[in-house]
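Right, one structure below, let's go through it.
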């Protein structure tokens, strides 16, 4: 029966912490999963056999070293996995309420981590080769758990474990065993996986996804997408957790860990029998019937073989009991990618949240069932939407994780038991201590605490107790005193308040308080906010991988123009030689069509022109008239009250969602509605805290709203120069309700009743945008270089206001101008306008800046200048849009932007009803309106990788302008620039070989200087050197062995057998899927021909493969060269091998 019984072998999960792609904490993680969000980042890099996607972890190099007492040198040397998981473990203990420095320290730590690539890369790099191995060994994997246990004073078992992809579930399994064996009283278990996926990953057929989408259990699933992340659980024996009043997320009923052994086709293959055995053991230990399991979080890597085997294993295991089971399956890997050693903990945390919240989220990227699922219809199905638990009773689920090579883990999860907790003792005031390592951290922790109290004001006693006994008490201290309703009290004559204030002052003074002595009846610990770490970036100055073989480079080779068509093959070969350090002398491509010389001179001239143009245009800025500005602000407040007074309030305390639903407002208008409510937040009428509304004075709101129309009339009389904007405001306010409910379009509202004239007047006189378009065009004229064509692209050109000004200043000579907009109508209108003006140099295209521009016909590194007029703020994701823009600019190219940077309330009140105005997402911190300040724009540009050349004005100046010009530059390469072809060749060469350094020259004298710097006799007494300036090369092929013999050798080495019959099907020799992948990779590397996995299966025997390969090579050879055969003419030419051997003879 589906009843809950807590056994003495059940384990309670009392704390969790994690960081995953697009999720800095568990709350964000659940939000992303429940909303079905794709958290895979696409980098935009285009390479052969390469996918530009992976699950990225933000700020992976950042760490609060001071909090953990780690010095700068050690922080730099520590693997990012060490740093981030250390923070994660602490946050997990905080979440459980056991992060204090005192008390029971019998806490076990079981962790798994990926290889320490970061550490080894820098040990083997030349710059750091002087570091001793003893020094490096301090930061290797075997010290991970013990170093954290040392820093946090954890005195239970401390172990690092590895079981490939099953690692993190293995840590949970052994953590459970440690608790049940009473080796410790609390356990932290989990895993971390961080690799430096700079751009994406190489495609491996049948293993990694060719599309960059992980489609678990889908018919088109073709492999996984890698990802970074980590997670930990804090576990305790269930009976102890219930006794101590801990918050319990869920119970772990059992866990099982087995190995496939040799029960499969090959080492790399999956095993139905092994996976099923792990499931059966876990079910038997749990005492739970398979019929009571509704959801299984599967391994789900989307590999064709892996998903099929897993589905078979589920049926074999769950069907072996009664056969009457019915489960939904899913895989969080579809959202965040495959986290390798941290994959299991990611799935387990997801499942715990599912049973806690009673909701099963969708598995994304799922369109059509894997054919294997069709065999088990009615038993196994994939969850495709967010929905409640279907069965009544106790919610139970399971989690699987299967490691490469044969480790299989399965865990049974059950919802937390309902525990009767006695009410905390009655008190009218509570003291909440709060601290930080620094004053800044303290202030941030106070802010987080206040926000948490506002959301949980009914749990005052629990908050106070958890902060007292569950947090570390750092040197910088403060406290809050709360009343029974969660309100902060600063002054009172209440005896309890005065006693707590005295206690708080003692705490701030550094006294260690016995907090438990303050309670007669202790409240429960609850999950609260995590410590606000002050992270700083710690990163080696060099991050490129240098293999162990290359630590003793003794030969330097310089190739002039080594990335050219005739010499690239030679460069590729030499770069792979371990004894060679390759230098490429490349002719610099520095032909500039646009250059800003002295920015200060440009700024001065722009300032003079701005003053003249604004005066000539008779622009009236509200910010320049303090009286009008003040009256307009009051008018906006009255307008907000007018609208809110006709809204429905079903109570005085509502959530934003409930209030919007009551009024039938569209969810897409939430930003606008928050803004309107914010206008009267200071009038003590309606206030908001987080997502809650509190109506304080309905009568006053109605009174203010009733005064709006009369106030509009008075304003127009007192300030006739701003009457047009006031009339537009009235027109908008009167139709807010229709707009918010989606019944009227903002454009229609502003155009009705002759208000279009007001709109035009406002556009011409209330903003400096038009003038600043003229100023930007004049700046472009100053920077245009004569003698070369200037390529300009306008993004989001709209009505063409900026277009006309630029063409007027630059003329048509040596100008290539591409006008773009996301709207087809705008593009068509400008096409007609250009035709009328005979602007034959212009091109037109429909372009969306939120999508990869290189996929929309704009070549990478191709533009001299990108211009825009007040469009960037409308991008849904500003950082992503700026990244797209940056990649199509040439190195040293410019982004020239006109942006309205300061809005008054009236601009949002009027134009905020227009489509797209509130389109942005909250990717810029603290962004409450579409427009940003000048400093905020500068920060966004800087974070997007641009260099600021000019900002006019330099700071916000509302009395002078509400617009700014920004001139940004894409950084050049360190010493020069390459054309697109050579840039791609260099990237490919460095990725495959990692041993090539480019040095630029513009003439023969500079080339000679490079040679002298590299081949100085005093520098290179012990080094062989050579310079190659010309060579003809062909690849020789050995005739000593036949192609079939070579293939046979490769195949026997892969299988580790003595012989293989060349005419028999290789599948008969236990060639599993991975073995075939390795065979294909060997063929591709040795013969530069990709046969493909499917073709290898179809060809079958080595003889067939040999014949097929020989034909392919013959066709691909320019001269039709047969394997093992060479013409006399070719024998006279040097191969790269011969050349290098002769040079170093």
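Within region 307-319, is even one residue surrounded by 24 or more Cβ atoms within 10 Å (Cβ to Cβ), touching a residue at least 60 places away in the same chain (Cβ under 8 Å) and within 28 Å of the chain's Cα centre (by Cα)?
Checked region 307-319: at least one residue is surrounded by 24 or more Cβ atoms within 10 Å (Cβ to Cβ), touching a residue at least 60 places away in the same chain (Cβ under 8 Å) and within 28 Å of the chain's Cα centre (by Cα).
Scan region 863-878 residue by residue and report those that are in a loop (DSSP other than H, G, I, E, B) and out of contact with any strand residue (DSSP E or B) (no Cβ under 7 Å at 6 or more places or on another chain).
871, 875, 876, 877
Go through the residues of region 416-428 one by one and say whether even a single one is buried (at least 21 other Cβ atoms within 10 Å of the Cβ) and touching a helix residue (DSSP H, G or I) at 6+ places or on another chain (Cβ under 9 Å).
yes
Applying the selection to region 729-757, what residues are over 25 Å from residue 657 (Cβ atoms) and at pLDDT 85 or above?
Selection gives 729, 730, 731, 734.
Quick check on my filter: what residues within region 11-37 are surrounded by fewer than 22 Cβ atoms within 10 Å (Cβ to Cβ) and on the phi < 0 side of the Ramachandran plot? Steps first, answer last, please.
Pass one, region 11-37, residues surrounded by fewer than 22 Cβ atoms within 10 Å (Cβ to Cβ): 22, 24-25, 27-28, 30-32, 34-37.
Once the filter is applied, which keeps residues that are surrounded by fewer than 22 Cβ atoms within 10 Å (Cβ to Cβ) and on the phi < 0 side of the Ramachandran plot, region 11-37 yields 24, 25, 27, 28, 30, 31, 32, 34, 35, 37.
Going through 870, 829 one at a time, which residue ends up being surrounded by fewer than 21 Cβ atoms within 10 Å (Cβ to Cβ) and in contact (Cβ under 8 Å) with a residue 24 or more places away in the chain?
829
For region 1090-1110, name all the residues that are at pLDDT 80 or above and either loosely packed, with under 15 Cβ neighbours inside 10 Å or within 37 Å of the chain's Cα centre (by Cα) (or both).
Residues satisfying the conditions are 1091, 1107.
Could you pull out every one of the strands (runs of 3 or more DSSP E) wholly within region 773-849 that has 1 or more residues that are closer than 14 Å to residue 868 by Cβ?
Passing ranges, in order: 790-794, 815-821.
Wholly within region 642-756, which helices (runs of 4 or more DSSP H) include no fewer than the required count, namely at least 3 residues that are crowded, with 19+ Cβ neighbours inside 10 Å, without any contact (Cβ under 8 Å) to a residue 24 or more places away in the chain and out of contact with any helix residue (DSSP H, G or I) (no Cβ under 8 Å at 6 or more places or on another chain)?
Details: elements: 656-662, 670-679, 698-706, 708-718, 723-733, 736-740, 746-751.
Answer list for region 642-756: none.
Taking the criterion of being in contact with a strand residue (DSSP E or B) (Cβ under 7 Å, 6 or more places away or on another chain), at pLDDT below 85, in the same structural domain as residue 854 (by TED's automatic domain parsing) and not in a loop (DSSP other than H, G, I, E, B), would at least one residue in region 904-923 satisfy it?
Looking through region 904-923, none of the residues is in contact with a strand residue (DSSP E or B) (Cβ under 7 Å, 6 or more places away or on another chain), at pLDDT below 85, in the same structural domain as residue 854 (by TED's automatic domain parsing) and not in a loop (DSSP other than H, G, I, E, B).
Which residue, of 309, 355, 341, is over 26 Å from residue 209 (Cβ atoms), in contact with a strand residue (DSSP E or B) (Cβ under 9 Å, 6 or more places away or on another chain) and not in a loop (DSSP other than H, G, I, E, B)?
Going through 309, 355, 341 in turn, the sole match is 355.
So which of 44, 103, 97, 69 is in contact with a strand residue (DSSP E or B) (Cβ under 8 Å, 6 or more places away or on another chain) and in the same structural domain as residue 290 (by TED's automatic domain parsing)?
97 is the lone residue from the list that is in contact with a strand residue (DSSP E or B) (Cβ under 8 Å, 6 or more places away or on another chain) and in the same structural domain as residue 290 (by TED's automatic domain parsing).
Would you call residue 1121 buried (at least 16 other Cβ atoms within 10 Å of the Cβ), under 43 Å from the mean Cα position of the chain (by Cα), modelled with pLDDT under 75 and over 30 Å from residue 262 (Cβ atoms)? I'd like the intermediate steps shown before the answer.
On the way: buried (at least 16 other Cβ atoms within 10 Å of the Cβ): yes; under 43 Å from the mean Cα position of the chain (by Cα): no; modelled with pLDDT under 75: yes; over 30 Å from residue 262 (Cβ atoms): yes.
Here the answer is no, as residue 1121 does not meet what is asked.
Give region 359-406 a look and list any residue that's in contact (Cβ under 8 Å) with a residue 40 or more places away in the chain, closer than 26 Å to residue 29 by Cβ and part of a strand (DSSP E or B), or say none.
359, 360, 380, 381, 382, 396, 397, 398, 399, 400, 401, 402
Looking only at residues in region 606-628 that are part of a loop (DSSP other than H, G, I, E, B), modelled with pLDDT under 65 and over 43 Å from the mean Cα position of the chain (by Cα), which one is farthest from residue 900 (Cα to Cα)?
Result: 618.
What residue, of 502, 435, is in contact with a strand residue (DSSP E or B) (Cβ under 9 Å, 6 or more places away or on another chain), outside the structural domain of residue 688 (by TED's automatic domain parsing) and on the phi < 0 side of the Ramachandran plot?
Unique residue meeting the criteria: 435.
Okay, residues lined up against (1) surrounded by 21 or more Cβ atoms within 10 Å (Cβ to Cβ); (2) outside the structural domain of residue 158 (by TED's automatic domain parsing); (3) touching a helix residue (DSSP H, G or I) at 6+ places or on another chain (Cβ under 8 Å):
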residue	(1), (2), (3)
182	no, no, no
196	no, no, yes
209	yes, no, no
224	yes, no, yes
232	yes, no, yes
240	no, no, no
243	no, no, no
258	yes, no, yes
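Just to be sure, is residue 76 assigned to a helix (DSSP H, G or I), modelled with pLDDT under 85 and over 26 Å from residue 513 (Cα atoms)?
For residue 76, the condition - assigned to a helix (DSSP H, G or I), modelled with pLDDT under 85 and over 26 Å from residue 513 (Cα atoms) - is met.
The values are calculated or read from the model by the stated rules, or taken from the named source; none is laboratory data. Computed from a prediction, not measured in an experiment: that's the story for all the values here. Ideal geometry is used to build each Cβ from the backbone, glycine not excepted, and the neighbour counts take in all protein chains shown.
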